[in-house]
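The values are calculated or read from the model by the stated rules, or taken from the named source; none is laboratory data. All figures in this text were calculated on a predicted structure; none of them were measured in a lab. As a convention, Cβ positions derive from the backbone with ideal geometry for all residues, glycine included, and neighbour counts pool all protein chains shown.
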Amino acid sequence: MVGVTSETAHEPRSLPVESTSRGVRVTWWYTASAIVFFELILVLTWTATLVQGGLRTGPALALMVGGVIWCASTLPILLAYRHRSGEPAAVQWRTVLLPVLTSVAYGVLAFSLSGLWLLLVVPLAQALQLLDWPRTIRMRMVLGVTALLVCLWVLDANAVVAGSVDIASGYFPVGFISAALPVMTVLSLWWWDVLIALDRARVSEARLAATQERLSVATDVHDLQGHHLQVIALQLELTERLLRSDPDAALEQLRAARVSVDEARQGTRDLATRFRSVPLRDELANARDLLRAAGIAAETVVGADAHGAPASVFGPVIRETTTNVLRHGGGRHSTLRLERVGELWRYEISNDTDAAPASPTPAPLPSREGTGLDGLARRAEEVGGAVEIVRGETEFTVIVTVPVAEDTAR
C-alpha cells in the first residue's frame, strides 16, 4: 500500500471531473437537481396561473406535459456542462442541438396556448444559459437575456389568453420567476465552477507537495552521495600515487576509502529511514483520507499520548488494515482508534460489512483471513503483542495490542 501523497503525485496533469472527490460529485447532482427543480416550479406556476385564468383542462395538461419534457431535455445540457472547459470552441452542438430544439418547440407550444411572449422566449433562454460559454460571453448573455425577459414581462402584463382568459391579477409571480430564472441558473452554475476550481487547487497543492518532497529527497541524496564520492575519489587517487613509493600508506588510504563507502551506505540507509518514518497521527490521517476518497465515511480517534506508540510496529499495521478494509470491507463506514489502555498500546479499526454474522466475541486469527493479517500477527508477536478479530452481525473489527514495556525497551 502506498501513501496518499504518492498516489496524488501520479495524478494526470489535467483534472477531469470524474477524478474529483465523492463529495464534489454529490454536490454536482445537488446543483443539477436544483436547476431542474427551478424549471419545474416555473412550469407549475405557468400552468396554475393559466388554469386560474380560465384555461381549459386539455391545453393546461398539454402545457404541463410539454413542460416536463422540456425540463428533462435540459439534463443532457447539464451533463455536457459538467465537463466544461470554458474555451471558445467548447460548445458541443451535436450533443445540445436536440435539447435546444426541444426548448424552441415547447416555447412555441406555450405561446400558442397562452399568447404570452414571455413563455415563448424563456425555454430557449434557459437552454442557452446552460451551454458552455466563455465567462465574458456568459456574463453578457445573462444580462441581455434578463433585460429582454423583463421587457417581455412588461409587454405581457395585461395580456388576455385566448380572448377570454385574463391573468393580469396573477401575472406578477409568473413574470418574476420567469425573468429571474436565468440569473438563478447562472448563479448555480457559478457555484459549481467555484467548487471545481477549489477541488483542482486542492489536487494541485497535493501534487506540489509531492514534487517538493521528491526535490528534497533528490537534494539530500545528491549532497550525501556527492560528498562521499568526492572523498572516495580523492582517497583512491592518493592510493594510486602512493602505491609504488609507499605501499603501507597506500593500503591505509584503501582502508579509509572502504570506511567512506560504509559511511555512504549507512547515510543512505538513514536517509531512507528518515523519509519512511511517518508519525502515527499522519499515518492515521492518511488512512482516513484514503478511505474517504474510496467513498467510505471514515473517522479517527487518537489518544493524547499516542505519539509514544511504536511507529515501527503500528505504521505497517495501519497501512495493512486500511488496505484490508478497501479490499474486503464492503461497508460504508470505518473508525480507526489508537490509544493507550493501561500498559498496552491498543489500535483498533472497525468497519460495517455485509459478511455473514458470526460470534461477536474475540477469536484467534484464522489462516483463511489471508497473508496480510497473518503478517500483522507475526509482527505483533515479535514485540510481545497480539492481534484479535471481532466479528459482529454488522461490523468487522481488527484489534492490535502491544505492551508499553516492550516499546520502552526497544
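For ALA89, indicate whether it is modelled with pLDDT under 80 and assigned by TED's automatic domain parsing to the domain that holds PHE37. Against the criterion (modelled with pLDDT under 80 and assigned by TED's automatic domain parsing to the domain that holds PHE37), ALA89 qualifies.
With the requirement that a residue be among the polar types (S, T, N, Q) and at pLDDT below 85, what does the stretch 282-321 give you? Don't jump to the end; show me each part of the working.
Initially, the stretch 282-321 is screened for residues among the polar types (S, T, N, Q), giving 286, 300, 312, 321.
Of everything in the stretch 282-321, those that are among the polar types (S, T, N, Q) and at pLDDT below 85 turn out to be ASN286, SER312.
LEU116 meets all of the listed conditions (1) at pLDDT 85 or above; (2) over 33 Å from the mean Cα position of the chain (by Cα); (3) not small (Gly, Ala, Ser) but one, namely (1). Could you tell me which numbered condition TYR171 fails, if it satisfies all but one of (1) among the aromatic types (Phe, Trp, Tyr); (2) within 30 Å of PRO59 (Cβ to Cβ); (3) at pLDDT 75 or above; (4) surrounded by 17 or more Cβ atoms within 10 Å (Cβ to Cβ)? Tallying (1) among the aromatic types (Phe, Trp, Tyr); (2) within 30 Å of PRO59 (Cβ to Cβ); (3) at pLDDT 75 or above; (4) surrounded by 17 or more Cβ atoms within 10 Å (Cβ to Cβ), TYR171 fails exactly one: (3).
Within the stretch 326-338, the residues that satisfy the criterion of being surrounded by 20 or more Cβ atoms within 10 Å (Cβ to Cβ), modelled with pLDDT of 85 or more and not polar (S, T, N, Q) are LEU336, LEU338.
Considering the stretch 203-259, and only residues there that are hydroxyl-bearing (Ser, Thr, Tyr) and surrounded by fewer than 12 Cβ atoms within 10 Å (Cβ to Cβ), the residue that is nearest to the chain's Cα centre (by Cα) turns out to be THR211. In the stretch 397-404 there is no residue that is within 27 Å of ALA294 (Cβ to Cβ), within 31 Å of the chain's Cα centre (by Cα) and modelled with pLDDT under 85.
Output the residue which, of all residues in the stretch 92-112 that are modelled with pLDDT under 85 and among the aliphatic types (A, V, I, L, M), is surrounded by the fewest Cβ atoms within 10 Å (Cβ to Cβ). Top of the filtered list is LEU97.
Filtering the stretch 319-351 to residues that are within 20 Å of ALA377 (Cβ to Cβ), in a strand (DSSP E or B) and touching a helix residue (DSSP H, G or I) at 6+ places or on another chain (Cβ under 8 Å) leaves LEU336, LEU338, LEU344, TRP345, TYR347, ILE349, ASN351.
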